[in-house]
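Novice: Pasting a structure below so you can have a look.
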Amino acid sequence: ECTENIPIMDIITPRNASLSGFYKRSFAYFTIKERLPRILTQSIDILVRNKDDIGEEYGEKAKQELKTVIGELSKLKYEIQTNKPMLNITSNASDVKLYNDFLTQQPNKTYFTAVWLHAECYMYRRIREIFELTESLRSYDPFSIQKRSAYETNSAAVLQLSKYLVSNLTDPIDTKSEFIKLLKLNLWGNQCDLSFSSGIVEDCSDWFQILDSMQANIVSDHSEDVWSAVSDANATSRIIDIVLDNSGYELFTDLCLADFLISHKFADSIRIYVKTIPWFVSDVMTSDFNWTLQQLLNSKEKDMKYLGQRWTKYVNDQIWTIVEHDFFTLPHDYSLMASTAPALYKQMQEAKVVIFKGDLNYRKLLGEKNWEPSTPCKVALQGFGPSKIVTLRTVKCQLICGLEPGVAEALSAKDPEWETTGKYGVIQYCDDIRKLE
Ligand SMILES: O=P(O)(O)OC[C@@]1(O)O[C@H](CO)[C@@H](O)[C@@H]1O
Ligand SMILES: [Mn+2]
């Protein structure tokens with residue numbers, strides 16, 4: 001039991017405290033104790049199982065370097081399990097100074113005592129460093145095999161949603177109700193996340209039929225506000241930003257939403273924010289975005305092929321643009337964006353609405369704090385407000401805001417694990433805009 005000598009407290013997370021493995025009765029502790037080591041073990045297993053294929057693709061030297069990589073991943077796992085301090089990143093990438101300066105500023109630097117967000121982001125950045133320090137595997141994405149197989153596993157759900165979207169592109173529809181339906185399908189797509197389900201992929205093929213019955217699990221539903229903001233004809237901006245989360249089926253639901261916004265003229269351009277390094281196992285990089293479009297283009301299913309062609313044209317015509325920025329793979333929460341990445345904050349100010357997907361983005365929006373659940377969203381955002389903000393998030397950890405009084409207590413009484421199952425979701429909106437000059 002290598003956590004016996006860790007100076008942690010056997011309590012739940014105190015109100016307004018930062019989530020941390022320091023509180024033993026928390027999902028943060030469980031993540032650092034169990035989940036992160038399991039993710040590293042899974043990565044090692046996948047590299048061992050695929051070493052011949054990787055050698056084929058990356059050359060003989062890669063097979064040699066894989067031995068070093070596997071050793072380094074095992075070392076990282078041991079550091080986490082034995083609560084070692086987070087070490088400086090030693091590669092020379094564009095984000096390294098920001099990472100190391102940030103680490104210097106942290107009072108608690110060991111994995112179990114640091115802020116959970118920092119420790120978890122750090123682990124993924126250390127995984128990236130291990131590949132950056134090789135010669136032949138610098139561009140290798142250790143999560144690509146898992147991201148690709150997750151897409152295949154959910155191909156039935158992708159096909160079904162393709163058919164639905166294509167049929168709706170022509171028939172006259174009730175735009176508002178169709179938008180809100182697509183918004184909720186998009187929300188539930190966030191359940192498909194490999195770092196959370198440890199590789200077990202949700203079967204989301206029946207979500208169409210059960211969407212109405214899932215309404216009860218949306219514990220904060222600002223869909224009407226989202227509709228008003230998106231459909232606001234007086235808005236000067238014709239840009240809508242989407243900050244992505246997971247690849248696979250979730251990305252497909254994001255592209256369906258992005259298509260709807262363009263085809264119903266709610267925006268002239270959609271800016272799609274992706275990660276610049278392999279992140280939280282299933283998060284989208286440009287390579288995953290391009291791979292997904294390629295799958296659609298190569299599909300034998302006519303609706304999927306049609307969407308692949310339609311969406312490739314959006315990219316070629318720059319109606320959809322991919323935005324890469326290091327900020328999204330830093331440990332910084334979004335209250336620090338204005339000071340750390342002012343140009344990014346100002347870019348988001350150009351948007352009519354900024355949609356954030358998933359749980360990690362939600363944690364960064366709320367500053368990884370264990371707020372009183374009925375705390376208004378604009379308080380929890382701590383001044384982050386480049387534009388109107390929308391969050392589509394399935395609840396995967398013990399952090400939430402904007403709930404009506406009594407809702408959290410009722411949920412805890414009904415299901416003590418309600419915050420860490422991904423079975424509940426929020427569609428939340430905040431228009432407390434704070435522009436940078
Ligand atoms: O950001 P997502 O993909 O929706 O959620 C993924 C995830 O952030 O959920 C857990 C709790 O936040 C993390 O440990 C895990 O990696
Ligand atoms: Mn994710």
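Novice: Out of (1) farther than 19 Å from residue 426 by Cβ; (2) in contact (Cβ under 8 Å) with a residue 40 or more places away in the chain, what's the single condition that is false for residue 233?
Specialist: Residue 233 satisfies every listed condition except (2).
Novice: Consider residue 230 against the criteria (1) buried (at least 21 other Cβ atoms within 10 Å of the Cβ); (2) at pLDDT 95 or above; (3) hydrophobic (A, V, I, L, M, F, W, C); (4) within 30 Å of residue 277 (Cβ to Cβ): it satisfies all of them except one. Which criterion is unmet?
Specialist: Condition not satisfied by residue 230: (4).
Novice: To continue, here is another question. So in the stretch 363-374, with the set limited to residues that are near ligand 1 (Cβ under 10 Å from one of its atoms) and of a type outside the set (Asp, Glu), which one is surrounded by the most Cβ atoms within 10 Å (Cβ to Cβ)? Step through it out loud before you land on a result.
Specialist: Taking the stretch 363-374 and keeping what is near ligand 1 (Cβ under 10 Å from one of its atoms), we get 363-364, 368.
Narrowing further to those that are of a type outside the set (Asp, Glu): 363-364.
Values: 363: 22, 364: 24.
Applying the filter and picking the extreme gives 364.
Novice: Inspect all residues belonging to the stretch 145-168 and state whether any of them is under 21 Å from residue 285 (Cβ atoms), assigned to a loop (DSSP other than H, G, I, E, B) and within 16 Å of ligand 1 (Cβ to nearest atom). Show your work before the answer.
Specialist: If we filter the stretch 145-168 for residues that are under 21 Å from residue 285 (Cβ atoms), which is where we start, we get 145-155, 158.
Still in the list and also assigned to a loop (DSSP other than H, G, I, E, B): 154.
Subset that is within 16 Å of ligand 1 (Cβ to nearest atom): 154.
The answer is yes, given that some residue of the stretch 145-168 is under 21 Å from residue 285 (Cβ atoms), assigned to a loop (DSSP other than H, G, I, E, B) and within 16 Å of ligand 1 (Cβ to nearest atom).
Novice: Whether any residue in the stretch 375-397 is more than 10 Å from ligand 1 (Cβ to nearest atom), more than 22 Å from residue 336 (Cβ to Cβ) and polar (S, T, N, Q) is what I want to check.
Specialist: Within the stretch 375-397, not a single residue is more than 10 Å from ligand 1 (Cβ to nearest atom), more than 22 Å from residue 336 (Cβ to Cβ) and polar (S, T, N, Q).
Novice: Which residues, taken from the stretch 87-121, are hydroxyl-bearing (Ser, Thr, Tyr), within 19 Å of residue 325 (Cβ to Cβ) and over 21 Å from the mean Cα position of the chain (by Cα)?
Specialist: Selection gives 91, 94.
Novice: Residues in the stretch 280-300 that are within 11 Å of ligand 2 (Cβ to nearest atom) and assigned to a loop (DSSP other than H, G, I, E, B): how many?
Specialist: 4
Novice: Just the residues that are of a type outside the set (Ser, Thr, Tyr) and over 23 Å from residue 122 (Cα atoms), please, taken from the stretch 321-359.
Specialist: To start, the set of residues in the stretch 321-359 that are of a type outside the set (Ser, Thr, Tyr) comprises 322-328, 330-333, 336-338, 341-344, 346-359.
If the condition is that a residue be of a type outside the set (Ser, Thr, Tyr) and over 23 Å from residue 122 (Cα atoms), then 322, 343, 346, 347, 348, 349, 350, 351, 352, 353, 354, 355 are the ones that fit.
Novice: Something else: Among 394, 420, which is open to solvent by less than 10 Å² (accessible area, probe 1.4 Å) and either within 16 Å of ligand 2 (Cβ to nearest atom) or touching a residue at least 40 places away in the same chain (Cβ under 8 Å) (or both)? Even if it seems obvious, please write down each step before you answer.
Specialist: Numbers: 420 fails: open to solvent by less than 10 Å² (accessible area, probe 1.4 Å).
Exactly one of 394, 420 is open to solvent by less than 10 Å² (accessible area, probe 1.4 Å) and either within 16 Å of ligand 2 (Cβ to nearest atom) or touching a residue at least 40 places away in the same chain (Cβ under 8 Å) (or both), namely 394.
Novice: In addition: Filter the stretch 24-44 for residues that are more than 15 Å from ligand 1 (Cβ to nearest atom) and open to solvent by less than 70 Å² (accessible area, probe 1.4 Å) and give the result.
Specialist: 41, 44
Novice: Residues of the stretch 308-362 being within 16 Å of ligand 2 (Cβ to nearest atom), open to solvent by less than 10 Å² (accessible area, probe 1.4 Å) and closer than 15 Å to residue 383 by Cα, which ones?
Specialist: 334, 362
Novice: Taking residue 277, is it open to solvent by 10 Å² or more (accessible area, probe 1.4 Å) and within 23 Å of the chain's Cα centre (by Cα)?
Specialist: yes
Novice: Output the qualifying pairs, or none if there are none: Cβ atoms under 6 angstrom, residues six or more apart or on different chains, first residue in the stretch 174-202 and at pLDDT below 90, second residue within 14 Å of ligand 2 (Cβ to nearest atom) and of a type in the set (Lys, Arg).
Specialist: Listed by first residue and then by second, the contacts come to 196/396.
Per-residue answers, yes or no, for (1) free of Cβ contacts under 8 Å to residues at least 12 places away in the same chain; (2) crowded, with 22+ Cβ neighbours inside 10 Å; (3) touching a Leu at 6+ places or on another chain (Cβ under 7 Å); (4) not aromatic (Phe, Trp, Tyr):
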| position | (1), (2), (3), (4) |
| --- | --- |
| 80 | no, yes, yes, yes |
| 101 | yes, no, no, yes |
| 110 | no, no, no, yes |
| 113 | no, no, no, yes |
| 135 | no, no, no, yes |
| 140 | no, no, no, no |
| 160 | no, no, no, yes |
| 168 | yes, no, no, yes |
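The values are calculated or read from the model by the stated rules, or taken from the named source; none is laboratory data. As the structure is a computational prediction, the values presented were derived from the model and not from experiment. Methodologically, a virtual Cβ is constructed for each residue, glycine included, from the backbone with ideal geometry; neighbour enumeration extends over all protein chains shown. Areas reflect the complete protein model, heavy atoms only, side chains present, ligands, DNA and RNA absent. Shrake-Rupley method; radii C 1.70, N 1.55, O 1.52, S 1.80 Å.
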